[in-house]
Amino acid sequence: QVQLVESGGGLVQAGGSLRISCVASGSTFSIKAIGWYRQAPGKQREQVAVIRSGGSTNYADSVKGRFTISRDNAKKTVYLQMNSLKPEDTAVYYCNTVIEDWGWGQGTQVTVSS
């Protein structure tokens, strides 16, 4: 079972930036398409960014142009650089494969104040 550890969240003012990280155990990291997901209170978890094994990326419309996903296969780590943060970005952020076949980690809380 792959274990995921997300970190780097915090409290930031609107317009600010954060970079969050997700470290995965296991040997299949480099071949997986991996996504960042978020869940706000009272809402369903949503996928916000994806990076494939070859490095191509996709973003939800709500974060396009503001967030950048990247990966370091040697470190088994995926990153999410979040710029121009908005209060509506407040959520717990998680990583997982795009088919969600890894167990969910504890997530990292991102809170954006207005």
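So here's what we get for this one:
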quantity: Residue among ARG45, ARG66, ARG38 that is over 16 Å from GLU100 (Cα atoms) and of a type in the set (D, E, K, R); calculated: ARG66
quantity: Sole residue being modelled with pLDDT of 95 or more and either over 12 Å from the mean Cα position of the chain (by Cα) or of a type in the set (Gly, Ala, Ser) (or both), chosen from SER25, SER21; calculated: SER21
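The values are calculated or read from the model by the stated rules, or taken from the named source; none is laboratory data. Values in this document were obtained by computation on a predicted structure and should not be read as measured data.
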